[in-house]
Amino acid sequence: MRKNYYLLILILFTAFNTHAQKTVEAKGYPVIINQDTLFKFYAGQGLFEPAERAGIVTKRIEALVNRIDFNPDSLTLKNDTSVSVISYNSQIILAVNNKDASFSELNRPQLAASYLLILKKKLGNYFTNNSTQQVVINILEALAVVILLIALIWALNRGSRWVKLKVLKAWENRMDKLAKQGAPVVYAKRLLPLVTSLLRIARFILIIILVYLALPVLFFIFPSSKPIAAQLLSYVIDPFKSIVLAIFHYIPNLLTIAVIYIVTRYIVKLVKFIANEIAQGAITINGFYAEWAMPTYNIIRVLLFAFMFVVIFPYLPGSDSKIFQGVTVFLGVLFSLGSSSAISNMVSGIVLTYMRPYKIGDRIKVGDVMGDVVEKNLLVTRLRTIKNEDITIPNATILSGHTTNYTTVAKTMGLILNTTITIGYDVPWQTVHNLLISAAEATEGILTEQKPFVLQTGLNDFNVAYQLNAYTALSNQMAGIYSGLHQNIQDKFNEAGVEIMSPNYFSLRDGNHVQIPENYIPEGYKKPGFKVDGE
C-alpha cells in the first residue's frame, strides 16, 4: 500500500513537471485584429496546428466584422462535454478544447467565457470606431484640430510681430539716449540684426513645437493611427521620463556631493579666517611671517578644492563611462602639454613667496628693469617704473636671475645713495669732502641723523674720483633725490669756485677761462694770458 502511495506521488510529480515544462516551452500563436492581439492558441484543433488554427480564426473574425449587420451581442457560447463553441448566428467562430484549458489556470468553460467577453468588447469597439457616424465625427475632430493649429500659428505670428515692434522701438529709444549722451551707437546698430534673427528663430522653433504636438492629437483621433500617435508622444515623453528618473536616482549622489562641498567650503572659510588673523597680526607663529598668510591660504584653498574634486569625481553622472574618462584624460594631457611654462612660473611664484625677496610697494631692480612692485601672483610680477610704465616679468625669469631690493632696509638702516665726481689734483681733498657732504645735507630726502661720507675711489691720471654716500629712507623717490643731490653738488662747488671736470676733459690752465657759470665768477675776473718761459 505504501509503495503504491509513493508511486502515485511520483507519477503526479512527473506529470506536474511535464505540464510546467510544456507551459514554459509552448509557443502561442496570436489572433490579431486591427493590430490588437485578442488571445493566443497554444494547442491545435483536430487536423489544424496552433498556427493554422490561429490564422483560420483570424480570417473568420475579420469576415465577421466586415459585415454591415454585425452585432457583437449576437455572439453566443455553447458548452458541450468535450468542447466549448463560440458562434455568431449559427456560424462557428472558434472552439475551445480541454488542451487549451491546460495552458491556462482556468477550466474550459471559464476560458471560453473569457474569449467570448474579449470578442464582444474588442469587436464592439472596432465596429463602433469604424462606423460611418464615427468616421464622420473623427474627420470633424481632425478638422477642428487643424483649424486650431492654424489659429495658434496665426496668433503666434501676430504676437511675434508685436514683440518685434516693441523690441525695435525700445532699441531705437536706447540708441537715441546713447547718442544724446555722446556714446557711440555703431555697435548697437550692428547688434540689431542679430536680435531680430534670434526672434525669428524663436518663432520658427515655437511653430515646429506646435505642429509636433498637434500631430499626435490628429493621429489619436483615428483608431488605425493610434500607434503612430503613441510613437510620436514617446519621442518626447520617453526622454523626459528618462531625465526625471535619472535625476530622481541621482538624488543620493547629489546629496553626497552637496555634503562634501559644504564641508570643504567651511574648512576653506576657517583657513581664510586664520590667515586673515595672521596677516593682521592678531595671531603670531614663530618663523611664519604675516605676509605669507594669504599666499598660504590660496595654496591650501586650491589643494582643498582639488581634493574635493577627486572625492566628488566618482559621484558625477557618467563618470564611470569610457567616453567621460577618455575626455578627462585628453583634457589632462592638453593641460599638461600647454601649461608647462605656466606651471614653471607657478612653482617659481610659490618659491618667491616664501623666499621673500620683495613685497608689494618695494622698489626693486630685475635685470635692467627698475620699478615699484605693484602686483605679484603665482605667475608674474608687475613693476611700475618712474615713467609709469607697467612691466610684467614671469616669476621663472626672476627666480633664475638676480634681484636688487632697495626698500628692504631703507626704513631701518637707510638706503645709501652714491654718486661719483672727478676733481683735479689742484683742489685739496678736504675741500672736496666738505663740499660733497654739505651738498648731501642740503638735499631733501637725505637722512640727517646718519652723516654722509665720501670715499676716494680712484687716483686717475688727471683727476681724483670722489664717491659721495648719503642715507635715505625714501627708496621710492630715488630718482628725485639723486636729481636734487646733483643740483646741490653743482651749487656748492660753483659757490666755492671749484671746477668739476670730467675724466676725459683736459684743461690747459694757462690762458683758459675758468669752467664755472658766469654768475659764480667774482667781479673783475679776467682770463689769464698764456705764460711762456723764455728760457
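Throughout, read-outs are computed from the coordinates displayed, never taken from laboratory work. What you see is a predicted model; the values in this text were computed from it and never measured. Virtual Cβ from ideal backbone geometry, glycine too; neighbours counted across all protein chains shown.
Loop only per DSSP, at most 11 neighbouring Cβ atoms within 10 Å: give me the trypsin sites (Lys or Arg not before Pro) in the stretch 39-71, ordered by residue number.
Passing both the DSSP loop test and the Cβ count: ARG67.
For the stretch 470-485, in order, what is each residue's ³J(HN,Hα) by Karplus, 6.51 cos²θ - 1.76 cosθ + 1.60 with θ = phi - 60°, in whole Hz (x at glycine and Pro)?
Listing the rounded values in order: 9, 8, 8, 9, 9, 5, 6, 10, 4, 4, x, 5, 4, 4, x, 5 Hz.
Mind listing the phi-derived Karplus ³J(HN,Hα) values for the stretch 154-170, rounded to whole Hz, using 6.51, -1.76 and 1.60 with θ = phi - 60°, and x for any glycine or proline?
For the stretch 154-170, the Karplus-derived couplings read 4, 5, 5, 5, 4, x, 5, 5, 4, 5, 4, 4, 4, 5, 4, 5, 5 Hz, x marking Gly and Pro.
What residues have an amide H closer than 5 Å to that of ILE93, excluding those fewer than 5 places away on the same chain, when H is modeled at 1.01 Å from N in the peptide plane?
Excluding prolines and chain starts, which carry no amide H, the hits are ILE86, SER87, TYR88.
What relative contact order, as a whole-number percentage, does the stretch 22-129 give when Cα pairs under 8 Å and 6 or more residues apart are counted?
21
Excluding ILE481 itself, what net charge comes from residues whose Cβ is under 14 Å from its Cβ, given Lys and Arg +1 and Asp and Glu -1?
-1
What residues have an amide H closer than 5 Å to that of VAL380, excluding those fewer than 5 places away on the same chain, when H is modeled at 1.01 Å from N in the peptide plane?
ASN395
Go through the stretch 268-278 residue by residue and turn each phi into a ³J(HN,Hα) via Karplus (6.51, -1.76, 1.60, θ = phi - 60°); whole Hz please, and just put x for glycine and proline.
4, 4, 5, 5, 5, 4, 5, 5, 5, 5, 5
Using the count of nearby Cβ atoms within 10 Å as a rough guide to exposure, how do VAL311, VAL244, VAL454 rank from fewest to most?
Listed from fewest to most nearby Cβ atoms, that is VAL244, VAL311, VAL454.
Placing +1 at every Lys and Arg Cβ and -1 at every Asp and Glu Cβ, with all other atoms neutral, what dipole size does the stretch 217-374 have around its Cα centre, in debye to the nearest 20?
I would put it at about 200 debye.
Could you put LEU192, LEU38 in order, starting from the residue whose Cβ has the fewest other Cβ atoms within 10 Å?
Ordered from fewest to most neighbouring Cβ atoms within 10 Å, LEU192, LEU38 come out as LEU192, LEU38.
Could you give the distance between the Cα centres of the stretch 351-370 and the stretch 64-87, to the whole Å?
Distance between centres, Cα-based: 104 Å.
Once amide H atoms are built 1.01 Å from N in the peptide plane, which residues 5 or more positions from GLY424, or in another chain, come under 5 Å H to H?
Answer set, sorted by chain and number: VAL464, MET501.
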